[in-house]
Every structure is written in C-alpha cells, then in structure tokens.
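Novice: My questions will all concern the structure given below.
The values are calculated or read from the model by the stated rules, or taken from the named source; none is laboratory data. Predicted model only: the values in this text are computed from it and were never measured. Methodologically, a virtual Cβ is constructed for each residue, glycine included, from the backbone with ideal geometry; neighbour enumeration extends over all protein chains shown.
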C-alpha cells in the first residue's frame with residue numbers, strides 16, 4: 001500500500017497507508033484526519049476536500065480537469081499553484097510518499 005503523508009493545519013504529520021484506487025480524500029476520512037470536510041462525499045461538487053500538494057510532488061499527479069479547476073476557483077482557503085481537490089487524486093504506487101497539506105479552513 002502506498003504511504004500518503006498528511007500534514008494537518010497545526011503542523012502535525014501523519015503517514016497513512018492508503019489502498020491503491022482510494023482517493024487521498026478517503027484516505028484522510030477513513031483515518032479520522034481533521035481538515036478535509038468532503039461534504040459531497042467525493043463526487044467533485046463542493047471543493048471542501050481542498051489540499052495543497054508538496055511542490056516537489058506536483059509532477060507526480062495527473063493534471064486537474066476542467067471541473068476540478070472550476071471548483072478550485074471557489075475554495076475557502078487561499079488558492080495556491082499547488083491546490084488540488086483530494087477527491088480527484090486516486091492513490092497509486094506512483095504516489096507512494098506524496099505529501100499533502102491541509103488548508104487552514106474548508107468553508
């Protein structure tokens with residue numbers, strides 16, 4: 001299982017083994033990590049699973065599609081070049097060790 005490194009808004013780091021095919025969002029929800037609200041349950045319609053990807057890890061991700069880009073326009077926390085919706089990032093072996101940071105707020 002790939003390990004995803006989550007950095008909570010207080011700076012606490014948690015390394016979580018997340019099954020392949022699971023989203024980064026579900027990895028956080030299933031392990032009771034605070035910072036991802038996921039109000040829509042992961043169907044890419046609310047932007048409350050906004051995260052910041054470690055800059056050095058961005059090239060490991062598929063580009064955001066047009067729906068994700070549109071939703072990122074309305075995130076509650078600051079939008080950054082490394083902003084992504086965690087429901088749209090499926091975990092694969094290629095993402096082992098990726099680091100995601102929770103924003104200071106989701107709504």
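Novice: Within region 6-30, take every residue that is surrounded by fewer than 17 Cβ atoms within 10 Å (Cβ to Cβ) and within 19 Å of residue 105 (Cα to Cα) and give me the one that is nearest to the chain's Cα centre (by Cα).
Specialist: Within region 6-30, the match that is nearest to the chain's Cα centre (by Cα) is 8.
Novice: Also: Considering every residue within region 43-52, establish whether at least one is at pLDDT 95 or above, in a helix (DSSP H, G or I), in contact with a strand residue (DSSP E or B) (Cβ under 7 Å, 6 or more places away or on another chain) and surrounded by 13 or more Cβ atoms within 10 Å (Cβ to Cβ).
Specialist: Within region 43-52, not a single residue is at pLDDT 95 or above, in a helix (DSSP H, G or I), in contact with a strand residue (DSSP E or B) (Cβ under 7 Å, 6 or more places away or on another chain) and surrounded by 13 or more Cβ atoms within 10 Å (Cβ to Cβ).
Novice: Do you know which residues across region 77-107 are crowded, with 18+ Cβ neighbours inside 10 Å, in contact with a helix residue (DSSP H, G or I) (Cβ under 6 Å, 6 or more places away or on another chain) and within 13 Å of residue 63 (Cα to Cα)?
Specialist: Scanning region 77-107 gives 83, 85, 86, 88, 89.
Novice: Oh, and also: Kindly indicate the residue of region 63-78 that is assigned to a loop (DSSP other than H, G, I, E, B) and in contact (Cβ under 8 Å) with a residue 12 or more places away in the chain and also farthest from residue 105 (Cα to Cα) among those meeting that condition.
Specialist: If we filter region 63-78 for residues that are assigned to a loop (DSSP other than H, G, I, E, B), which is where we start, we get 63-65, 73-78.
Checking which are in contact (Cβ under 8 Å) with a residue 12 or more places away in the chain leaves us with 64-65, 74-78.
Working: 64: 21, 65: 23, 74: 13, 75: 9, 76: 6, 77: 6, 78: 9 Å.
Out of the qualifying residues, it is 65.
Novice: Could you tell me whether any residue of region 18-36 is under 20 Å from residue 81 (Cα atoms) and in a loop (DSSP other than H, G, I, E, B)?
Specialist: Yes, there is a match, as at least one residue in region 18-36 is under 20 Å from residue 81 (Cα atoms) and in a loop (DSSP other than H, G, I, E, B).
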